[in-house]
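Heads up, the thing below is written out as structure tokens.
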Amino acid sequence: MGLFDWLKPKTRKAGPTPEGLYGALPKGSRWMDGADPAGAAEDFIPEPDAYVFDIAEWKWDEQLWIKATTRSDDNEAGFGLLIVLSDGSSTDAVELWEQGGRGPVLKERQEWTIPRGHPTRQMALVSHGDQTTRVLRKLEQCFGFEPLSHPALPDKTAIVCELIILRGIVIPDQDRFIARMKVLLPEHNGWPYGEFFLNVNSIRKQIWVSEKSSEYRVAILERISQGGEPA
């Protein structure tokens, strides 16, 4: 180690801290994307353009099961959310890249063990039939599409996706899961790639989704209506 190496900025390690904090910020930095999910839970609330659901069911066991519901035209709308949890041996990793003279260069690969009871990247959105069809109609309206007559995926059909926690705190022993996350819909059987934000606040018993980019609107609608697998 050089004499002044301690002055160099340290690369933040990926993965949760022992306290369950995700997305630890550099010293002196603030979370700029709305209220900080790792701060006071009561301050982490939906943004005005979010699609908000109440948590009607919550079961944190070997997997985390969430039933999300809301009212749409005086009818119940909703879906299920199933997150695969770590048994204490699951691992995750990220690759850190930097720009080199001839293009991106791999700087570092960080790998860590996911603590027991914490979410892995494996997640499924589960259709609730008619209730999820009402979600589809609402999204078509929000995205500026003419509502179509086709339904959402049949009841208990799963949309397999990937989950990335951007910022939040997860403490299984306290039933505490407050986080802003990004959901990735991978290309699958000809269905296009898509992304959106998913937010969970177990203290307020709310879930809300918001748009990552308008370019993913068609991919989201197609996946809800056609691109699932039996649960």
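The values are calculated or read from the model by the stated rules, or taken from the named source; none is laboratory data. This structure is a prediction, so every number in the text was calculated from the model and none was measured. Heads up, the Cβs are rebuilt from the backbone with ideal geometry, glycines too, and the neighbour counts pull from every protein chain shown.
Taken together, the residues in the stretch 159-200 that are out of contact with any strand residue (DSSP E or B) (no Cβ under 8 Å at 6 or more places or on another chain) and hydroxyl-bearing (Ser, Thr, Tyr) amount to 0.
I'd like the full set of residues that are part of a strand (DSSP E or B) and in contact with a Lys or Arg (Cβ under 9 Å, 6 or more places away or on another chain), limited to the stretch 192-231. Passing the criteria: 194, 195, 196, 197, 198, 199, 200, 211, 230. Restricted to the stretch 154-167, and to residues there that are touching a Leu at 6+ places or on another chain (Cβ under 8 Å) and closer than 17 Å to residue 86 by Cα, the residue that is surrounded by the fewest Cβ atoms within 10 Å (Cβ to Cβ) is 162. Please work out if residue 114 is surrounded by 13 or more Cβ atoms within 10 Å (Cβ to Cβ), under 18 Å from the mean Cα position of the chain (by Cα) and more than 18 Å from residue 183 (Cα to Cα). For residue 114, the condition - surrounded by 13 or more Cβ atoms within 10 Å (Cβ to Cβ), under 18 Å from the mean Cα position of the chain (by Cα) and more than 18 Å from residue 183 (Cα to Cα) - is met.
Within the stretch 1-48, if we keep just the residues that are out of contact with any strand residue (DSSP E or B) (no Cβ under 8 Å at 6 or more places or on another chain), in a loop (DSSP other than H, G, I, E, B) and among the charged types (D, E, K, R), the residue that is modelled with the highest pLDDT turns out to be 30. Can you spot a residue in the stretch 69-81 that is without any contact (Cβ under 8 Å) to a residue 60 or more places away in the chain, surrounded by 15 or more Cβ atoms within 10 Å (Cβ to Cβ) and in contact with an Asp or Glu (Cβ under 7 Å, 6 or more places away or on another chain)? Yes - at least one qualifying residue is present in the stretch 69-81.
Of the residues making up the stretch 44-60, those that are free of Cβ contacts under 8 Å to residues at least 24 places away in the same chain and under 25 Å from residue 117 (Cα atoms) number 3. Checked against the criterion of being free of Cβ contacts under 8 Å to residues at least 40 places away in the same chain, out of contact with any Ser or Thr (no Cβ under 8 Å at 6 or more places or on another chain) and outside any loop (DSSP other than H, G, I, E, B), the candidates 161, 142 yield just one match: 161. Residues of the stretch 176-207 that are surrounded by 18 or more Cβ atoms within 10 Å (Cβ to Cβ), closer than 18 Å to residue 82 by Cβ and not polar (S, T, N, Q): 177, 179, 181, 183, 185, 196, 198, 200, 207.
Here's the yes/no breakdown for (1) among the charged types (D, E, K, R); (2) in contact with a Phe, Trp or Tyr (Cβ under 6 Å, 6 or more places away or on another chain):
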{"site": "17", "(1), (2)": "no, no"}
{"site": "21", "(1), (2)": "no, no"}
{"site": "30", "(1), (2)": "yes, no"}
{"site": "35", "(1), (2)": "no, yes"}
{"site": "38", "(1), (2)": "no, no"}
{"site": "41", "(1), (2)": "no, no"}
{"site": "61", "(1), (2)": "yes, no"}
{"site": "64", "(1), (2)": "no, no"}
{"site": "72", "(1), (2)": "no, no"}
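Filter the stretch 139-153 for residues that are in contact with a strand residue (DSSP E or B) (Cβ under 9 Å, 6 or more places away or on another chain) and surrounded by fewer than 16 Cβ atoms within 10 Å (Cβ to Cβ) and give the result. Matches in the stretch 139-153: 142, 143.
Residues satisfying the criterion are present in the stretch 85-99 (criterion: assigned to a strand (DSSP E or B), closer than 16 Å to residue 16 by Cα and in contact with a helix residue (DSSP H, G or I) (Cβ under 9 Å, 6 or more places away or on another chain)). Residue 111 meets the conditions (1) in a strand (DSSP E or B); (2) in contact with a Lys or Arg (Cβ under 9 Å, 6 or more places away or on another chain); (3) at pLDDT below 95 in every case but one. The failed one is (2).
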